[in-house]
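Structure first, commentary second.
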Amino acid sequence: MVRWEPNAPERLSRAALELFTERGYDNTTVAEIAERTGLTKRTFFRHFADKREVLFGGQDALVKVLAEAITAVPDPVEPLAAIGAALEATAVFFGPERLKWAQERQAVIDANPELQERELLKLATLTTAFRDALRERGVPEPGASLAAEIGNLAFRTAFTRWIDPANQLDFAELTRRTLDELRQAAATLA
């Protein structure tokens, strides 16, 4: 009998990533993931809807942090400054202890079109969170949606830069620099 251990979702995520890396996503089953952790399939499904979701855990917490950071910025503030505060707040999810896992996770996603599709859906959720929080602050359309799209682009770009093995900057600094670059690029479009 396996002794109970805490953090089943984290253990399942770690085991899944190991197996996806070793065998490939398509060649790994939920039963194998559960077995690697000494848990059952039933326990797996208590924490994750399917094996794709094991790579996307934490989405709800990320969305919550984004929305709360935008609504917490004191008035008056321009929409992109609120987006910047939200991006910096997400750095709690992207510390140095998570870097290797994030790099391996992205490699698995990049190798599988089904996972790439799921990632795009999850990123769309971030855009919606940005937009809804900005609307709550009273930012009118189309400004709220445009700022939300810029926020999503800044997040994706900063994340890609963060997982680059040559990167030496932390996630918060990358989000600041990326958002500044996007502001400058947008100014040239006028």
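Does Arg156 satisfy the criteria of being among the basic types (Lys, Arg), more than 19 Å from Trp101 (Cβ to Cβ), open to solvent by 30 Å² or more (accessible area, probe 1.4 Å) and modelled with pLDDT of 95 or more?
For Arg156, the condition - among the basic types (Lys, Arg), more than 19 Å from Trp101 (Cβ to Cβ), open to solvent by 30 Å² or more (accessible area, probe 1.4 Å) and modelled with pLDDT of 95 or more - is not met.
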Q: Among residues belonging to the range 107-127 that are farther than 27 Å from Ser145 by Cα and touching a Gly at 6+ places or on another chain (Cβ under 9 Å), point out the one that is surrounded by the fewest Cβ atoms within 10 Å (Cβ to Cβ).
A: Ala111
Q) Hey, Gly84 hits all of (1) open to solvent by 30 Å² or more (accessible area, probe 1.4 Å); (2) part of a helix (DSSP H, G or I); (3) among the small types (Gly, Ala, Ser) but one; which does it fall short on? A) (1)
Q: Mind telling me which of the residues Pro74, Pro79 ends up being loosely packed, with under 13 Cβ neighbours inside 10 Å and under 29 Å from Arg131 (Cβ atoms)?
A: Pro74
Q: Tell me, please, whether a residue that is touching a Ser or Thr at 6+ places or on another chain (Cβ under 8 Å) and small (Gly, Ala, Ser) can be found in the range 37-58.
A: yes
Q. Within the set of pairs 6 or more residues apart or between chains, which connect a residue that is on the phi > 0 side of the Ramachandran plot inside the range 26-47 to a residue that is modelled with pLDDT under 95 with Cβ atoms less than 7 Å apart?
A. Gly38/Val2
**Q.** Set Leu153, Leu120: member being assigned to a helix (DSSP H, G or I), within 19 Å of Glu53 (Cα to Cα) and under 14 Å from the mean Cα position of the chain (by Cα)
**A.** Leu120
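The values are calculated or read from the model by the stated rules, or taken from the named source; none is laboratory data. None of the values given here were measured: they were computed from a predicted structure. Neighbour counts run over all protein chains shown; Cβ positions are idealised from the backbone, glycine included. Areas reflect the complete protein model, heavy atoms only, side chains present, ligands, DNA and RNA absent. Shrake-Rupley method; radii C 1.70, N 1.55, O 1.52, S 1.80 Å.
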